[in-house]
Amino acid sequence: MIENLVIVESPAKAKTIEKFLGKDFRVISSFGHIRDLAKKNLGIDINNNFTPDYEIPKEKLKVVAELRKAAAESKYIWIASDEDREGEAIAWHLAAVLKLDLSSARRIVFHEITKEAISNAIQNPRKVDMNLVNSQQARRILDRLVGFEISPVLWKKVQPALSAGRVQSVAVRLIVEREREIISFRTESFFKVNAIFNIDPSKDENSKIRAEASKKFPAEKEALKFLEVCKDSVYSVADVNVKPGTKSPAPPFTTSTLQQEAYRKLGFSVAQAMAVAQKLYEAGKITYMRTDSTSLSKLALARSREVIISEFGEKYSKTRQFKTKSKGAQEAHEAIRPAYMDAHEVSGTQNEKKLYELIWKRTIASQMSDALVEKTTISISMSNSPVTFSSVGEVVKFDGFMKVYSESADYENGDDEKYIIPPVNKGMRLFYTTISATRKFTNPPPRYTEASLVKKLEELGIGRPSTYAPTISTIQNRGYVSREDRQGEKRQITVLTLTKGNVATSSRTEITGKEKSKLFPQDIGMIVNDFLIENFSEIVDYNFTAEVEEQFDKIAVGKLDWTGMLNDFYSSFHKTVTETLEKRNRKTGVRILGNQPDTGEQVSVKMGRFGPVAQIGETGNDKKPRFASLPKNLLLETITLDEALNLFRLPRSLGEYEEEEMIVGTGKFGPYIKYKGKFYSLKKGSDDPYTLTLERGVEIIKEKVENDSRKILKDFGDIKLIKGRYGPYLTKEKQNYRLPKGTDPEKLTKEDCIGIIGRSVKPEKST
DNA sequence: CAGTGAGCGAGCTTCCGCTTGACTT
């Protein structure tokens, strides 16, 4: 019999706490929630005041059995789930499942995992807060109602197996609307004038001043005219303005800011950042990684100060506590920080080291002094034009936190390069070295990355630290959006350059529209989004979550009855659901593009059973319509008649090679070549199935054959050792076999392989 | 694995938030 049992949510936390609490205490974990609404059906008795039907999910049965056993063996049970809405609900479910008396259950909370905070908590137990629990029940039930009533409407009116929800549908909406802004964006061009001035024309580069003209010119003609004016102008310094300023460090990481910086600085996907952070957390190297709080424990503040003073000196230290400002933050945990501030680096994989270093730097920087900068602006006047030039330079007088870490921006703008301005005085005469007018283009708004989408969701107060990564997976898994690259296109840039009294015209190429790992909406995402906006505008409104959160907050403080709140919401919501089912037609995103020039048949596109298709002709006529699937880079919304007609040119023959016909087509996995009964994928972006030549086709086939042969480590005839994604494996007659642990693939003989295959029992295919 | 697009319709799909594994061809 152990005197005391403490239940926390996370096993790693349990391990740490147990160390603080002596041998009268046993600490175990519930692994998060232990009960949820029934998996099948709605799980809510609507006609009985929204009574929830809770059940223990199958995968939680084992944990619950262990909890029950431990509870039976203990005299006192302390429920130490997190101090937020979900944590309170977990406490309540634990009390119910372990049959604890609610009036006497010992509910404790602590924000920091320190001996002091924990003993303090043990000395001040309280009861389970039913108002807070009820606000969680309202949240849970509302989400179930929204998800489980709207999704079936989509199955009927759009396509099976689709989904909608308070969080995911807004995430999709953001991406769809951004894409439409990009589609409707019209690029404009203008000429920007940059100059390099010199203090003394006989001297060298050290006295160079880079400046930009205050005026932009709409076209080449005007830009050229201005350069002609520049030719004969006298330039002088009209003003020198020196302004001191300070820069402050960013707060320590929350889940959202960690995901953003891990993407910007390390190129991690949101899911990858979380997986690596989880490893660091489990190894006891960082604090909890799912948090919305920027606050640091007193201990962390003190330790950071020690580290900063010993490494950089007293004047680099400035202890700060940051206030969390994100909407709906619950602050059950600390910010994400190193568990031990004096550990600069950790052992582990490359990614673990890199992410840890980022967390260490961010945390330390947050406790360092402001940087002092001096911003100098020179304005330069012209003798024969009202246009002025200005040059901006920034000098760091004291680096402060910048010694360690600076936050990155989402979209780097490229030409704000910093440089040091040479000393100049007002009235000083300047001489131009070169003045150039360069054609520039306005850019459409940027597409979201996973990380910038998380940032936006957090700003809107939608979703929680534990759901950002799963939400982004969900909207991709449903096919609503897709993370993709784009090659971009070349465009010519005209540059007019004035040097030594002569204007020369040149041109250079730049790439525009290049994208890497950006979120693109898919046709089905756009159709579902439009359907939801037409029929459930309240739910997909950007403010919906904020509005219901306000009500949950009222429930949490006892100012609003939770079942009443649900009733108000549901009565109008459910009416919308039934009306939509009754009155709305199926939505296919159909567009009629025009007619086939030769036959006059109608050409249209729509979402078909197996995805987006182009169609020539109509059903119900004598002549059956012809169909062609849309490739990934064309949207139903923007495809043109010519693009649609083009799709019907495939598959086509490239001619014969060694007396066998080579066919190029496009299928389930993109464009391919079929030759001698085998398929070869075309290179993404560089090979176009419409213009591919026989010669290139032969090349592709040869490359593939060569690549495949490199994957074969050993060839024993019918048995081959292949280099695969998860390490080497054996293959025989299209069956694959794993190597037993500890096998050295270098030393495998054919006999060894036969043995491994003989001993391996193929498990039944499971899902 | 590189297709499919007639119509009927059984039985299935689905939410958000807490937490980690077990396992991968």
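Could you please tell me which pairs satisfy a Cβ distance under 7 Å, a separation of 6+ or placement on different chains, a first residue in the range A:658-677 that is closer than 16 Å to A:Val698 by Cβ, and a second residue that is among the aromatic types (Phe, Trp, Tyr) and within 9 Å of DNA strand B (Cβ to nearest atom)?
These pairs meet every condition: A:Tyr672/A:Phe679; A:Tyr672/A:Tyr680; A:Ile673/A:Tyr680.
For residues that are open to solvent by less than 50 Å² (accessible area, probe 1.4 Å) and farther than 24 Å from A:Glu751 by Cα, tally how many sit in the range A:697-720.
Qualifying residue count for the region: 4.
So, A:Lys318, is that one over 32 Å from the mean Cα position of the chain (by Cα), of a type in the set (Lys, Arg) and farther than 30 Å from A:Pro445 by Cα or not?
Yes: the conditions hold for A:Lys318.
Looking at the range A:678-696, which of its residues are open to solvent by less than 70 Å² (accessible area, probe 1.4 Å) and under 28 Å from A:Thr731 (Cβ atoms)?
A:Tyr680, A:Leu682
Kindly indicate which of A:Tyr729, A:Tyr680 is touching a strand residue (DSSP E or B) at 6+ places or on another chain (Cβ under 9 Å), more than 20 Å from A:Arg649 (Cβ to Cβ) and outside any helix (DSSP H, G or I).
Residue meeting the stated conditions: A:Tyr729.
Would you be able to say whether some residue in the range A:10-32 is over 22 Å from A:Lys115 (Cα atoms), in contact (Cβ under 8 Å) with a residue 60 or more places away in the chain and in a helix (DSSP H, G or I)?
no
Could you list, in sequence order, all residues of the range A:53-77 that are assigned to a strand (DSSP E or B) and open to solvent by 30 Å² or more (accessible area, probe 1.4 Å)?
Correct list: A:Tyr54, A:Glu55, A:Lys75, A:Tyr76.
Can you tell me which residue is surrounded by the fewest Cβ atoms within 10 Å (Cβ to Cβ) among those in the range A:654-677 that are away from DNA strand B (no atom under 12 Å from the Cβ) and in a loop (DSSP other than H, G, I, E, B)?
Of everything passing the filter in the range A:654-677, A:Glu659 is surrounded by the fewest Cβ atoms within 10 Å (Cβ to Cβ).
If you go through the range A:630-651, how many residues are open to solvent by 50 Å² or more (accessible area, probe 1.4 Å) and within 12 Å of DNA strand B (Cβ to nearest atom)?
Total satisfying the criteria: 1.
Would you list the strands (runs of 3 or more DSSP E) that sit entirely within the range A:483-585 and hold 2 or more residues that are of a type in the set (Gly, Ala, Ser) and open to solvent by 20 Å² or more (accessible area, probe 1.4 Å)?
Because the criterion is at least 2 residues that are of a type in the set (Gly, Ala, Ser) and open to solvent by 20 Å² or more (accessible area, probe 1.4 Å), the strands (runs of 3 or more DSSP E) in the range A:483-585 that meet it are A:502-512.
Quick check on the range A:697-726: of everything there that is within 14 Å of A:Asp687 (Cβ to Cβ) and in contact (Cβ under 8 Å) with a residue 24 or more places away in the chain, which residue is farthest from the chain's Cα centre (by Cα)?
Top of the filtered list is A:Val698.
I'd like to verify a number: residues in the range A:462-510 that are closer than 30 Å to A:Gly147 by Cβ and touching a strand residue (DSSP E or B) at 6+ places or on another chain (Cβ under 6 Å), how many?
Total satisfying the criteria: 5.
Can you say whether A:Gly755 is of a type in the set (Gly, Ala, Ser) and either in contact (Cβ under 8 Å) with a residue 24 or more places away in the chain or within 14 Å of DNA strand B (Cβ to nearest atom) (or both), as far as the supplied structure shows?
Here the answer is no, as A:Gly755 does not meet what is asked.
Which residues, taken from the range A:160-189, are within 16 Å of DNA strand B (Cβ to nearest atom), modelled with pLDDT of 95 or more and of a type outside the set (Gly, Ala, Ser)?
A:Leu162, A:Arg166, A:Val167, A:Gln168, A:Val170, A:Val172, A:Arg173, A:Leu174, A:Ile175, A:Val176
A quick yes/no check of all residues on (1) out of contact with any helix residue (DSSP H, G or I) (no Cβ under 9 Å at 6 or more places or on another chain); (2) of a type in the set (Lys, Arg); (3) within 18 Å of A:Val503 (Cα to Cα):
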| residue | (1), (2), (3) |
| --- | --- |
| A:Gln159 | no, no, no |
| A:Gly165 | no, no, no |
| A:Glu177 | no, no, no |
| A:Ser184 | yes, no, no |
| A:Ile196 | yes, no, yes |
| A:Lys215 | no, yes, no |
| A:Leu224 | yes, no, yes |
| A:Leu227 | yes, no, yes |
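Could you count how many residues in the range A:9-37 are within 9 Å of DNA strand B (Cβ to nearest atom) and either more than 30 Å from the chain's Cα centre (by Cα) or not aromatic (Phe, Trp, Tyr) (or both)?
So the count comes out to 14.
Hey, can you tell me all the residues within the range A:263-302 that are touching a strand residue (DSSP E or B) at 6+ places or on another chain (Cβ under 9 Å) and away from DNA strand B (no atom under 13 Å from the Cβ)?
Scanning the range A:263-302 gives A:Tyr263, A:Gly267, A:Ser269, A:Lys285, A:Thr294, A:Ala300.
Is it the case that the range A:397-408 has a residue that's in a helix (DSSP H, G or I) and at positive phi?
yes
When residues of the range A:360-389 are filtered for being small (Gly, Ala, Ser), in contact with a helix residue (DSSP H, G or I) (Cβ under 6 Å, 6 or more places away or on another chain) and over 19 Å from A:Pro244 (Cβ atoms), how many remain?
2
Only one residue in A:Lys723, A:Lys741, A:Lys714 is in a loop (DSSP other than H, G, I, E, B) and among the basic types (Lys, Arg). Which one?
The conditions single out A:Lys741.
Tally up the residues in the range A:602-629 that are farther than 16 Å from A:Glu643 by Cα and more than 12 Å from DNA strand B (Cβ to nearest atom), please.
Final tally of qualifying residues: 2.
Looking at the range A:470-482, which of its residues are surrounded by 14 or more Cβ atoms within 10 Å (Cβ to Cβ) and within 9 Å of DNA strand B (Cβ to nearest atom)?
Answer for the range A:470-482, where residues must be surrounded by 14 or more Cβ atoms within 10 Å (Cβ to Cβ) and within 9 Å of DNA strand B (Cβ to nearest atom): A:Pro470, A:Thr471, A:Thr474, A:Ile475, A:Arg478.
The values are calculated or read from the model by the stated rules, or taken from the named source; none is laboratory data. Bear in mind that the values here come from a model prediction, so they are computed numbers and not experimental data. FYI the Cβ positions are ideal-geometry reconstructions off the backbone, even for glycines, and counts take in every protein chain you see. With ligands, DNA and RNA removed, areas are computed over all heavy atoms of the protein, side chains included. Shrake-Rupley method; radii C 1.70, N 1.55, O 1.52, S 1.80 Å.
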